[in-house]
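Novice: Right, I'll just put the structure down here and ask away after.
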Amino acid sequence: MKIRDWDSNLKIRLGGEAAFNVIFWTFFPFLSIYFTREFGKGWTGILLVVSQLLSVFANLLGGYCADRFGRKRMMVFAAYGQAVGYGLFAAAASPWLSMPILGFTGFTMASFFGALYWPASQAMVADVVEEKDQASVFAIFYTAANMAVVVGPLLGSILYEDNPYTVLVIAAIICMLLALFMNYRLQETLPEKLAERKRSNAGDPWYRSVTVQLRDYKVIATDRVFLLFTIAGVLLSQTFMQLDLLFPVFLKETIQQATIFSFKDWHLEVTGQQLFGLIVSENGLLVALFTVLVTKWIVGFRDRYIFIGGALLYAVGIQMFGLMSTFWGFTLAIAIFTLAELMSAGPQQAFIARLAPEEMRGQYFAAASLRYTLGRTLSPLTIPLTSWIGFTWTFTLLAVLAALSALIYNRMFNLFDKQSA
């Protein structure tokens, strides 16, 4: 499905979200440095865990609200909330005010509303795109997001450190403009029969709504196929989330100098920290260039082979990464790692859309995001783990978790095929 054939809602979102993602990645990689400097490592860890837990709650709440109040309304509301959050963060980073706790409050608020936005935006894709085209559409959005990962940090290395206030103000302005534009141009996509059903319950007291929400998520938890999908996703996330956690620590501590090219007495060398920057850029560039191509290539394969193959490639890639010591060795490892990432991007989102009943689409997407939120909560444990068992065994353990997720996917598809039959 080509972009010119897309629903206008998707075209608006693609452009607006691409712009915001670029500005977001301009400052996001540097936030841990900022918070560590202001609060110290101990308090920074505690505060970020609290922030993450709030995002988990917001994600689940966002799914319920997207099904009850509509996709457009929740996306606009969340974009306004992000604008206010980044505005507070900008104020805290201004030359006239030094209030780190206000900065953290603004960041937490922006993260909360960002988590609120995501389920509605994913459900909107499922509303307006036919099932056969959903994987390719999700893949294009994923590509746009990863192009931002390449461009944003490069801009940030130039702009953010000396002008944090300016960058954060621009982020707040872009969020505000995106909210205004979506409010003016987006069309609601919530299926009418679902909207009518929700309207018939509009007079219920608030606690009835909370009870219904908890009951709905209990129903999702009893969906055994979806539960296995989520468990496998949490295990698998322990591998790909190490790109920003374990990988930089490993390269900084184990690589003094790595040679990229040499000619006679001339050598092009980088430090371990510089090598990490190259690896991240390579990962983002490969994703941006090949997501759509790989998605088209795998579309003819059964989901079972795509999911299991991607998990096994993650296992191979992360094990290779722990064994390499040269630039080209790391390049090969990250290429395999990225291929696994590309195989997981669009098909998994499309699989969620296929599993979800129409009246619970937003909630299914929200619950599925627990793969990342729970994974993000657990993945930092690898850093202290390296002090106890070393880097080699830590990478081996991560590879085992990825292989275990492949076994769970196989079990999930056995159950899914039996239910379908």
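The values are calculated or read from the model by the stated rules, or taken from the named source; none is laboratory data. Keep in mind the model is a prediction, meaning the values are calculated, not measured. Using ideal geometry, Cβ is built from the backbone for each residue, glycine included, and neighbour counts are taken over all protein chains shown. Quick note on the areas: whole protein, heavy atoms, side chains included, nothing else; ligands and nucleic acids left out. Shrake-Rupley method; radii C 1.70, N 1.55, O 1.52, S 1.80 Å.
Novice: Given the conditions (1) in contact (Cβ under 8 Å) with a residue 60 or more places away in the chain; (2) closer than 30 Å to residue 270 by Cα, report the number of the one that residue 336 does not fulfil.
Specialist: Evaluating residue 336 over (1) in contact (Cβ under 8 Å) with a residue 60 or more places away in the chain; (2) closer than 30 Å to residue 270 by Cα leaves (1) as the failure.
Novice: Another question about this same structure. Does residue 198 meet the test of being modelled with pLDDT under 80, assigned to a helix (DSSP H, G or I) and either open to solvent by 50 Å² or more (accessible area, probe 1.4 Å) or under 19 Å from residue 110 (Cβ atoms) (or both)? It would help to see each step written out before you state the result.
Specialist: Values: modelled with pLDDT under 80: yes; assigned to a helix (DSSP H, G or I): yes; either open to solvent by 50 Å² or more (accessible area, probe 1.4 Å) or under 19 Å from residue 110 (Cβ atoms) (or both): no.
Here the answer is no, as residue 198 does not meet what is asked.
Novice: Ok, one more. Within segment 98-134, how many residues are open to solvent by 20 Å² or more (accessible area, probe 1.4 Å) and over 24 Å from residue 25 (Cα atoms)?
Specialist: 6
Novice: Got a number for residues in segment 291-307 being modelled with pLDDT of 80 or more and under 18 Å from the mean Cα position of the chain (by Cα)?
Specialist: Residues meeting the conditions: 1.
Novice: I would also like to ask the following. Would you pick out the residues in segment 237-293 that are aliphatic (A, V, I, L, M), over 27 Å from residue 148 (Cα atoms) and open to solvent by 50 Å² or more (accessible area, probe 1.4 Å)?
Specialist: 268
Novice: Of the residues 406, 402, 350, which single one is buried (at least 18 other Cβ atoms within 10 Å of the Cβ), over 27 Å from residue 54 (Cβ atoms), of a type in the set (A, V, I, L, M) and touching an Asp or Glu at 6+ places or on another chain (Cβ under 9 Å)? Talk me through it step by step, then tell me what you get.
Specialist: Details: 406 fails: touching an Asp or Glu at 6+ places or on another chain (Cβ under 9 Å); 402 fails: touching an Asp or Glu at 6+ places or on another chain (Cβ under 9 Å).
Checking each option against the conditions leaves just 350.
Novice: Test residue 305 against the criterion of being within 19 Å of residue 403 (Cβ to Cβ) and open to solvent by 30 Å² or more (accessible area, probe 1.4 Å), and give yes or no.
Specialist: So residue 305 passes the test.
Novice: Oh, and also: Collect the residues in segment 135-151 that are hydroxyl-bearing (Ser, Thr, Tyr) and either closer than 22 Å to residue 60 by Cα or open to solvent by less than 10 Å² (accessible area, probe 1.4 Å) (or both), keeping them in residue-number order. Before you say what the answer is, go through the steps one by one.
Specialist: As a first pass, look at segment 135-151 and keep what is hydroxyl-bearing (Ser, Thr, Tyr): 136, 142-143.
Residue satisfying the conditions is 142 alone.
Novice: All but one of (1) touching a residue at least 24 places away in the same chain (Cβ under 8 Å); (2) not in a helix (DSSP H, G or I); (3) not hydroxyl-bearing (Ser, Thr, Tyr) hold for residue 301; state the number of the condition that does not hold.
Specialist: For residue 301, the exception is condition (1).
Novice: Show the residue pairs meeting these rules: Cβ distance below 9 Å; 6+ apart or different chains; first residue within segment 245-265 and within 16 Å of residue 390 (Cβ to Cβ); second residue aliphatic (A, V, I, L, M) and surrounded by fewer than 16 Cβ atoms within 10 Å (Cβ to Cβ).
Specialist: 246/383; 249/383
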